[in-house]
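The values are calculated or read from the model by the stated rules, or taken from the named source; none is laboratory data. Computed from a prediction, not measured in an experiment: that's the story for all the values here. Heads up, the Cβs are rebuilt from the backbone with ideal geometry, glycines too, and the neighbour counts pull from every protein chain shown.
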Amino acid sequence: MKTKLTPRFWTALILFSLIGQVAWVVENMYLNVFIYKMFHASAGNISAMVAASAVAATVTTVFVGAWSDRIGRRRIFMCLGYILWGLSVGCFALLRLDLISAVIPATASAAAVGVTLTILLDCVMTFFGSSANDAAYNAWLTDNTDSTNRGAAEGINSMMPLVAILVVFGSFMAFDLDQSKSWSIIFAIIGGVVFLVGITGFFLVDDRATRPTETGYWENVSYGFRKTTIRENRELYRSFLLFILFNISIQIFMPYLILYYEVALGMENYVLVMAPAIILAAGVTAVWGRIYDSKGFSFAVKIALLWLVLGFVVLFLFRNTALVFLGSLLMMCGYLSGMAVFGARIRDYTPEGKAGMLQGIRIFSQVLIPGVIGPFIGKTVLQHADVIINNDGTTSFIPNANIFLAALVPAALVLLWILFRKTK
């Protein structure tokens, strides 16, 4: 019998997932645009920021996830984490060239200082966001679902990044992103919304599904890294390895995606072009979790990977707006459906009572390793990219379609592995 999930659960899932993903979209997609437009960051700067954030996210999730298991509480980490996360997002409103120039020595470069401060503040924001979302929220979601409903819940959870992109794209259309004033308003609004969700969560999130562990804190921290844990959960760790390759593929192109649309393709109306693709892909992702529940991992992941690979091929080969839309739709369907399928499989194989302890390993496979390797590959691919000269005489790189060709390789490897294992 399928376990029925309560309206209170669905409300908490949608609220924390959506607003958390809005904050992550701002960080993962628009913070790159912010540092590029405001401080003329290079591809190396963007790669360093993504890598530093990935390290911060992983370390935080390992320690906070184990802590939440030890005390048997998710709500305090989720709610207080979102409150502090919102405050840290709001602090980005203070990163403006005029304010930086007023306080640094005359010999220093305000733009260089701006790049450094952005990377440091991104790590601080990631600490609070990963505590609240990566460690606590994801463990809470595992605690409150089972094998009869996990695909459906993960389908909704995994569609939220696309819904968040749509929300952010639509909201940002009202702002001129070349103006620092616009960014200050954006960060203040996003930070305020995240802050309010944290307060709301104290009245909404239920902790009853969680029980304190009997093992010590440091034993919980080391649990996911032990050989005995790996031997006892071979299928879980095999899924983690495939998830690493999948996310490396995503991280090769994702930090440069908006810059590619806007700068390389000259799509000033890219929001209007991408919005229908996002809506369609979000709907597919919501359904795909249920496909996982009914058809299983092998079928669901093969189709998702096929969409992703085809999307990369179309985006690499074509510049026409209609075909860019088609490629983006396929890519987004494959990306989010793949996230839903891998997410549900990892939760299914997570040992009961160990959800918090293993969130760090999940972040290793989803964020740290891909967040270091993927942007580095993207930076290397763009090493000889064309440049443009800015109004102040500085130069900025122009992302090209080679990032999609590079992203195709790890995605194709995962697809081939799935096909080979099934045949074998």
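Things to note:
- Among the residues of the range 204-220, those identified as surrounded by 12 or more Cβ atoms within 10 Å (Cβ to Cβ) and more than 23 Å from the chain's Cα centre (by Cα) are 204, 206, 207, 209, 210, 211, 212, 213, 215, 217, 219, 220.
- Every residue from the range 155-165 that is over 13 Å from the mean Cα position of the chain (by Cα) and at pLDDT below 80: 155
- Residues of the range 1-60 satisfying the condition of being charged (D, E, K, R) and touching a Ser or Thr at 6+ places or on another chain (Cβ under 6 Å): 2
- Search result, residues across the range 168-185 that are at pLDDT 85 or above and under 24 Å from the mean Cα position of the chain (by Cα): 182, 183, 184, 185
- Among (1) part of a helix (DSSP H, G or I); (2) closer than 26 Å to residue 328 by Cβ - the single one residue 194 does not satisfy: (2)
- Verdict on residue 99 being free of Cβ contacts under 8 Å to residues at least 12 places away in the same chain, assigned to a helix (DSSP H, G or I), surrounded by fewer than 21 Cβ atoms within 10 Å (Cβ to Cβ) and of a type in the set (A, V, I, L, M, F, W, C): yes
- In the range 180-192, the count of residues that are farther than 30 Å from residue 211 by Cβ and among the charged types (D, E, K, R) is one or more.
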